[in-house]
Amino acid sequence: MVGYDLEDKAYCMELTYNYGLDSYKPGTGLSEFGIFVPDVAAAKAASTALGYREDSSGCIVGPDAYRFRLLALPSGRSERFLYIMCRVANLAKSVSFYKDVLGMSDAELPAAAAPKGKAAAVSYSSKTHPHGLEPVTLVFFEDGVKPTITPWEGRHAFALSAEEVKALHARYKKEFPDKIMHDEGNGPISLQEKLGTLFIFIARDADGYELCLVSRETMLPAAVEAVTNYDPKALDWNTRDKRISAIEAAGKKVEKIIAENPVVLFSKEWCPFCRKAKDSLESIEAKFFVEELESQDRKPLVDNPKAYQEYLAAKTNLGTSVPKGFVKGECIGGGDDIVSLKKNGQLLQKCIAVGAVVLATSTE
């Protein structure tokens, strides 16, 4: 966590290190963070000393190419983050989604933000903040470029009441079922935590930005407890190191397979969703490589199936389930995704483009 206060009080950047992955390819959606610092000149000097540069727009380009616009901290301001700026394909559509579906309101466009093209801002209000503090503004801009969203963009996280999370999931299920990434089917995922039941589901917005919707009644106290009761001595470093080594080893094999084969499917022989993905590929007579992680009787067919799945989850940001399909290194999703691509003709197009399907030619 990177921030100036606990999660129940302030916006935080959550930086997650995924074992075996050295970097993510930056997308073109997330543009910059506007952040207040006590001394702008001192902060810029510190970033220069660490080897980071200031770009032509005045933003500091930090680790992994994330951009930060440093702003002088106003007297009495508590929240250090002022805004997050993202590119969208359709400004009106995106603003409408965040207001109508997620309950945000129109906000004043921060003077410090200098987006290209048309721009608008939305936010929640101080009244809805757990401690009544300043809201962080979400700035959208439309410049005629369709954003490319990758795992590098991360997720927008929303801490809502449990009932709001359930209602929002029901609405997604009815209106945007194809944009739900992780849930329990008929409702959000429910996790029994020490401090209560945590409800959560992951979905996408209109542009493909990922959203994490989580119940605040359990999440916020749990986050505070995790920070205040953290005991590094309780960590089992030996077990952790073994897990990391297994994931890194699996990752090398995964990348080798993907590099050597135009179309790849990571699968389990007994899995019905994997069967659907194979059937879709076979129905278009595609040549594809299958790496089976488990046999029909659920016995391991690779050194560590779980390590493969954890690496694939980190690589794709699509969870640990299989199948996972790849065409020329690009993840095309799981079983239902591949079936959908087959139905709309995109699977055939993708396979033809990489030489995995050769169309027959007729001669007269």
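Each row is one residue, and each column tells you yes or no for (1) at pLDDT below 95; (2) open to solvent by 50 Å² or more (accessible area, probe 1.4 Å); (3) under 30 Å from Pro221 (Cα atoms); (4) not in a loop (DSSP other than H, G, I, E, B).
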{"residue": "Lys9", "(1), (2), (3), (4)": "yes, yes, yes, no"}
{"residue": "Thr16", "(1), (2), (3), (4)": "yes, yes, yes, no"}
{"residue": "Tyr24", "(1), (2), (3), (4)": "yes, yes, no, no"}
{"residue": "Thr28", "(1), (2), (3), (4)": "no, yes, no, no"}
{"residue": "Ser31", "(1), (2), (3), (4)": "no, no, no, yes"}
{"residue": "Phe36", "(1), (2), (3), (4)": "no, no, yes, yes"}
{"residue": "Ala43", "(1), (2), (3), (4)": "no, no, no, yes"}
{"residue": "Ser47", "(1), (2), (3), (4)": "no, no, no, yes"}
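Can you tell me which residues in the stretch 163-182 are among the hydrophobic types (A, V, I, L, M, F, W, C) and modelled with pLDDT of 95 or more?
If the condition is that a residue be among the hydrophobic types (A, V, I, L, M, F, W, C) and modelled with pLDDT of 95 or more, then Val165, Ala167, Leu168, Ala170 are the ones that fit.
Taking only the stretch 345-364 into account, find how many residues are among the polar types (S, T, N, Q) and either modelled with pLDDT of 95 or more or within 25 Å of the chain's Cα centre (by Cα) (or both). So that I can check it myself, show each step before the final result.
Taking the stretch 345-364 first, the residues among the polar types (S, T, N, Q) are 346, 349, 361-363.
Applying the additional criterion that residues be either modelled with pLDDT of 95 or more or within 25 Å of the chain's Cα centre (by Cα) (or both) yields 346, 349.
The qualifying residues number 2.
Of the residues examined, Lys233 is not one that is open to solvent by 80 Å² or more (accessible area, probe 1.4 Å), more than 30 Å from Glu153 (Cβ to Cβ) and either in a loop (DSSP other than H, G, I, E, B) or among the polar types (S, T, N, Q) (or both).
Just checking, which of Ser123, Ser94 is of a type in the set (Gly, Ala, Ser), open to solvent by less than 20 Å² (accessible area, probe 1.4 Å), touching a residue at least 60 places away in the same chain (Cβ under 8 Å) and closer than 19 Å to Leu168 by Cα?
On the way: Ser123 fails: touching a residue at least 60 places away in the same chain (Cβ under 8 Å).
Of the residues listed, the single one that is of a type in the set (Gly, Ala, Ser), open to solvent by less than 20 Å² (accessible area, probe 1.4 Å), touching a residue at least 60 places away in the same chain (Cβ under 8 Å) and closer than 19 Å to Leu168 by Cα is Ser94.
Of everything in the stretch 97-108 that is open to solvent by less than 70 Å² (accessible area, probe 1.4 Å) and assigned to a loop (DSSP other than H, G, I, E, B), the residue that is nearest to Tyr172 (Cα to Cα) is Val101. For beta carbons closer than 8 Å, sequence separation of 6+ or different chains, a first residue in the stretch 291-320 that is in contact (Cβ under 8 Å) with a residue 60 or more places away in the chain and a second that is open to solvent by less than 40 Å² (accessible area, probe 1.4 Å) and among the charged types (D, E, K, R), the qualifying pairs are Thr316/Lys324; Asn317/Glu210; Leu318/Lys324.
When the stretch 237-275 is limited to residues that are under 18 Å from Asp303 (Cβ atoms) and touching a Cys at 6+ places or on another chain (Cβ under 9 Å), the one that is surrounded by the most Cβ atoms within 10 Å (Cβ to Cβ) turns out to be Phe266. Of all residue pairs spaced 6 or more apart or on separate chains, those with beta-carbon atoms under 7 Å, a first member in the stretch 256-284 that is modelled with pLDDT of 95 or more and a second member that is assigned to a helix (DSSP H, G or I) and hydroxyl-bearing (Ser, Thr, Tyr) are Phe266/Tyr308. Just one of the listed residues (Val302, Val290) is at pLDDT 95 or above, of a type in the set (A, V, I, L, M), open to solvent by less than 60 Å² (accessible area, probe 1.4 Å) and not in a loop (DSSP other than H, G, I, E, B), and it is Val290.
The values are calculated or read from the model by the stated rules, or taken from the named source; none is laboratory data. Being a predicted model, the structure only gives us computed values, none of them experimental. Counting neighbours? That spans all protein chains shown, and the Cβs are built from the backbone with ideal geometry, glycine included. Just the protein is used for accessible areas: all its heavy atoms, side chains included, with ligands, DNA and RNA removed. Shrake-Rupley method; radii C 1.70, N 1.55, O 1.52, S 1.80 Å.
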